[in-house]
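Some notes on the structure that comes next.
We did not get these values from a lab; they are worked out from the coordinates using the rules stated. These numbers were taken from a predicted model, which means no experiment stands behind them. Neighbour counts run over all protein chains shown; Cβ positions are idealised from the backbone, glycine included.
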Amino acid sequence: MDNLKNMKTNTFKTIIGIALVILAIGALLFWEAEGRAMLLMEDVLVAERDVEEGENISLNMFRTESVPAGSLVDGAVKIKDTELLKNKEAAVNIIQGAQLSLRYLRDPDETPKPDTSCFVIRNEWIYMCTSSVRRGDEILITSSDGRIILGTYPVAYVKDSEGREVTDASSGVYSFTGSGGAGDRVNTSAPIHHIEIECELKDYRRIIDFCAGKIGAPLMLVRKTT
């Protein structure tokens, strides 16, 4: 009787042991197949094709791919973040297979401006200038007779003869011709001596080329009011 009881106990233990081994193997297989991905992988958007800078972004340009958490790019767009793609365009070229990052996106009105710098419109070039022009205004630059238009540019600085910025808001027109000095300027104690504009180098070269070899001051600067 005792032997039969012991046999049943051993059989039960064997069955439990086999069940535990099967359970452990199942858990290991699940970890390798699903668990590792659930804990260590992230579902992110990856480019289905090359996306060129300036293209409007849509979800069908991308596929979902599981990527190790340690391999995510900065700002990676996860599957739960797809709403962030609305009304966006590519800020850079995105190659096929690359993870999508929020850093690669921009609003359509955030298109970078061409490279510009501040360039001086020299005092000796200026025949006439609207005296109310100040930093932040736009000026139309033409030949002294107004027949040749050289472009419209934002004003970076308005300087007096000692290089100090002119900030008062007087109005009128100041003539730079005559004795070559500052001249008369109504209702102001800080006459404009020269102006710095913001433009591309090629535009400034065109202004330099126009002024080269001219007798007298060749430029008229007119502040745009609208």
**Study point:** the range 90-146: C-alpha gyration tensor shape, a/c 1.5 cut-off, then a/b vs b/c
**Key:** prolate
Review point. Tell me, what ³J(HN,Hα) does each residue in the range 57-64 have, in order and in whole Hz, if you take phi through Karplus 6.51 cos²θ - 1.76 cosθ + 1.60 with θ = phi - 60° and put x for Gly and Pro?
Key: 7, 9, 5, 6, 7, 10, 10, 8
Check your understanding: How about LYS214: which aspartates and glutamates have a C-alpha closer than 15 Å to its C-alpha, ignoring those fewer than 8 places off in the same chain?
Key -> GLU124, ASP145
Exercise for review: List every residue whose amide H lies under 5 Å from the amide H of ASP50, counting only residues 5 or more places away in sequence or on a different chain, with H placed 1.01 Å from N in the peptide plane.
Suggested key: GLN96
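Sort 43-51, 192-200 for me by packing, meaning the mean count of neighbouring Cβ atoms within 10 Å per residue, highest on top.
On the way: 43-51: 17.3, 192-200: 20.9.
Peptide ranking by packing, descending: 192-200, 43-51.
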**Study point:** Calculated from backbone phi, Karplus (6.51, -1.76, 1.60) coupling profile of the range 144-156 in Hz, x at Gly/Pro
**Key:** 4, 9, x, 7, 10, 9, 9, x, 10, 9, x, 8, 8
